[in-house]
Ligand SMILES: [Zn+2]
Ligand SMILES: [Zn+2]
């Protein structure tokens, strides 16, 4: 498949997969880079903004990197009705301030996920109501439910990034931080305050 073909991307507009727009047993392989899908760019933008709280200048996505490889397959069985398998690999790199001294650092996330979306009518059934995983097609996959004809792929990606990112980036594990009295960077000098 021509990876730069615009057509498949319309199926993931705003990070929402339209289930009724994809065909059964015709796997969809997408590789999405920076500047190709606004909703994905926004995820990187928010990550940069959140991790650079003292930097007031507008967050620029050019300071980061992002790549999403995603494989989508729609299937049907008598047991599960219509279900969707989604596997993905996310790679993100972004600048982040050290949480103690605010020196710029760079962070990266590389993670993979494998999910199965089944209809929300299964959500209350004894078999699935307490399940977070499902073993299907020789693999354990995260179990999700979808309503109507939409799957929130963006939600899955946000969750993966949240779980895998470094919530406390440090420029050095021994960073001494800033003096709470005078603001001096204690890695550079000792101001004498306690
Ligand atoms: Zn630091
Ligand atoms: Zn001080």
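Descriptive notes on the structure:
- Tilt relative to the chain, helix 153-164 - C-alpha long axis, 0 to 90 degrees, to 10: 40 degrees
- Peptide packing for 179-186, 72-79 was compared via the average number of neighbouring C-beta atoms within 10 Å per residue; ordered from the highest value, the list is 72-79, 179-186.
- Angle between the chain longest axis and helix 38-50 axis [Cα atoms, degrees, rounded to 10]: 30 degrees
- Note on the chain: helix-only mean residue ellipticity at 222 nm, from DSSP H runs of 4+ residues weighted -39500 (n - 2.57) and normalised by residue number, equals -4000 deg cm²/dmol.
- Working from Cα pairs under 8 Å separated by at least six residues, relative contact order for the chain is 19 percent.
- Tail fraction, Cα-Cα pairs, segment 135-194, threshold 15 Å, whole percent: 71 percent
- Relative packing of 158-164, 41-47, 16-22, which averages over residues the other C-beta atoms within 10 Å, highest first: 41-47, 16-22, 158-164
- Per residue, the convex hull spanned by the Cα atoms of the chain amounts to 157 cubic angstrom.
- Peptides 127-133, 144-150 ranked from most to least packed, by the mean per-residue count of other Cβ atoms within 10 Å: 144-150, 127-133.
- Per-q log10 I(q)/I(0), segment 69-141, q = 0.18, 0.24, 0.26, 0.27 Å⁻¹ (Debye; single scatterer per alpha-carbon; no solvent): -0.77, -1.11, -1.22, -1.27
- For segment 37-55 versus segment 172-186, the gap between their alpha-carbon centres in whole angstrom: 26 Å
Every number here is computed from the coordinates shown, using simple stated rules; none is lab data. Everything numeric in this text was worked out from a predicted model, so none of it was measured. Here Cβ is always computed from backbone atoms with ideal geometry, including for glycine, and neighbour counts include all displayed protein chains.
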